[in-house]
Amino acid sequence: MQRGLLLIIILAMFASLSCRRDQPVFETDEDDSTVIPETIKEGYSDYFITGVAISNAQINGEEPQAMEIVKEQFTSITAENDMKWEYMEPTEGSFYYDDADLHLAFAEENDLTMIGHTLVWHSQLPSWVRSITDSATLVTVMKNHIDSVVGKYAGRVHGWDVINEAFEYDGSFRDTVFYKYIGESFFEQAFAAAQAADSTAELYYNDYSMTSSGKKETVINMIEHLQEKDIRIDAVCMQGHWTLTSPSVEVIEQSIIDYYNAGVKVIISELDVTVLDQNNDADPYVDGLPDDVATDLAERYAALFSLFKKHEEKIARVTLWGVHDGQSWKNYSPYSGRTDYPLLFDRDYEKKACFYSTLEAAPK
Ligand code: XIL
């Protein structure tokens, strides 16, 4: 009689233990897919290339802590400034490669994918180019620049931003020296020259406000125009200089789908999320980012990376525009002397709440 009771108690204990196995907490611990990754590259490299922009000071060894973060967290680098025309060909026909060489060397030593930024852009363009006023000279100069720079690094740069920011918000052509004196054909001439200089490099168009319907329509027309002429364009880059609320995730999603449907991959090439008002020079967070704003930023980053993950087959790369907040151009654009918090690491190279929320969004 007593032995029977003992048996019932033991059986009941086993039953309760096995019941626990069905409880969600236990399931979560055992389920590999919910393990939170520890680095951005661990979390996202299965979906797309994970990149970051490196400053001139960083590549010249002035910020070893930043370079450790790059090696630990990312699989690709872009020179934030060092491969732009004003640095690479400051005077006609005389090329400066030293800093670009450092980026290439760092990328190759650490098995990082090197992105070339950027070949034809109205900004950070030396004055000797801006002052050219005849079409034939400008075509020659543009082709020579592309041929020299792309040719120099042929086989070593994964992809080039061939043309940068050629359109206004409404989709009309920006009044640059290239458009003014060469006309719309500077697009096909630049892409064809890049393709000729390195047939293995991917070729991109890179711009901001890529969700604007006018700009989107023009960019898609341009993609189709190049394709009709058998000139390759592999991806369009949505820069991703976004705010806490704008553009909405839905609007970004529709743009990713629309560009992809035009026959190219999509790259988020310069991601940062400003917490400051872009329409006035207020600098409210000099003493630190309040917790509620840090939480909004963390939620925004998680929502963005969830969206990128959802469209992994359309997205080739996501690149953060800087390693840490202290480096970010948002501290001096559109207003100088401000204190912004747009990136995943803070000014002391510490991981921010938005870093952790981004990792939490990674598992399938
Ligand atoms: C910015 C850099 O981050 C700054 O350091 C520099 O002073 C100006 O350019 N679009 C681009 C990038 O394609 O090259 C720009 O980078 C940001 C906007």
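The values are calculated or read from the model by the stated rules, or taken from the named source; none is laboratory data. None of these values were measured; they are calculated from a predicted model. Virtual Cβ from ideal backbone geometry, glycine too; neighbours counted across all protein chains shown. Surface accessibility is based on the protein's heavy atoms, side chains included, excluding ligands, DNA and RNA. Shrake-Rupley method; radii C 1.70, N 1.55, O 1.52, S 1.80 Å.
Computed quantities for the displayed model
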quantity: Measure of compaction for the chain (Cα Rg per 2.2 N^0.38 Å); calculated: 1.18
quantity: Charged-residue dipole, Cβ positions (Lys, Arg, Asp, Glu), the stretch 81-177 about Cα centre, Debye nearest 20; calculated: 260 debye
quantity: Kyte-Doolittle mean at least -0.5 and Cα axial length at least 24 Å: DSSP H helices in the chain; calculated: 2-20, 135-152, 291-310
quantity: Paramagnetic label zone (point 7 Å from Cα along Cα-to-C-beta, GLU42; backbone N under 12 Å) in the stretch 336-364; calculated: 359-360
quantity: 15 Å beta-carbon shell around ASP277, net charge (K/R +1, D/E -1); calculated: -2
quantity: Inverse mean reciprocal Cα-Cα distance (Kirkwood Rh) of the stretch 204-261, Å; calculated: 11.9 Å
quantity: Segment THR295-GLN65, extension gain: residue separation times 0.36 nm, minus the distance between their alpha carbons; calculated: 80.3 nm
quantity: Charge sum, other residues only, whose C-beta stays under 14 Å from THR137's C-beta, Lys/Arg counted +1 and Asp/Glu -1; calculated: +1
quantity: R0 of 25 Å, Cβ-Cβ distance ASP281-SER131: FRET efficiency to nearest 0.05; calculated: 0.20
quantity: Inter-label distance for LYS364 and ASN261, nm, one decimal - labels placed 7 Å from Cα along Cα-to-Cβ; calculated: 2.7 nm
quantity: D_trans [Stokes-Einstein, Kirkwood Rh over alpha-carbon pairs] for the stretch 171-310, 20 °C, 1.002 mPa s, µm² s⁻¹; calculated: 126 µm²/s
quantity: Karplus 3J(HN,Hα) series, Hz, for the stretch 74-83 with 6.51 cos²θ - 1.76 cosθ + 1.60 (x for Gly, Pro); calculated: 10, 10, 8, 10, 10, 6, 4, 9, 5, 10
quantity: Over the stretch 79-189, equivalent-ellipsoid semi-axes from the Cα gyration tensor in Å; calculated: 25, 16, 12
quantity: The chain, dipole about Cα centre (Lys/Arg Cβ +1, Asp/Glu Cβ -1), debye to the nearest 20; calculated: 700 debye
quantity: Computed label-point distance, nm, for sites LYS310 and TYR169 using a 7 Å Cα→Cβ extension; calculated: 2.6 nm
quantity: Per residue solvent-accessible surface (Å²) - the chain, probe of 1.4 Å; calculated: 46 Å²
quantity: Backbone N within the stretch 43-65 under 19 Å of label point (7 Å from ASP111 Cα along the Cβ vector); calculated: 43-52
quantity: Table column - 3J(HN,Hα) (Hz), the stretch 273-286, Karplus curve with 6.51, -1.76, 1.60, x for Gly and Pro; calculated: 10, 6, 9, 9, 5, 7, 10, 8, 8, 4, 10, x, 10, 4
quantity: Amide H partners (placed H, <5 Å) of ASP207, local residues excluded; calculated: GLU165, CYS237, GLN239
quantity: Sparse-neighbourhood loop sites, GluC sites (Glu not before Pro) in the stretch 170-231 - DSSP loop, at most 16 other Cβ within 10 angstrom; calculated: GLU184
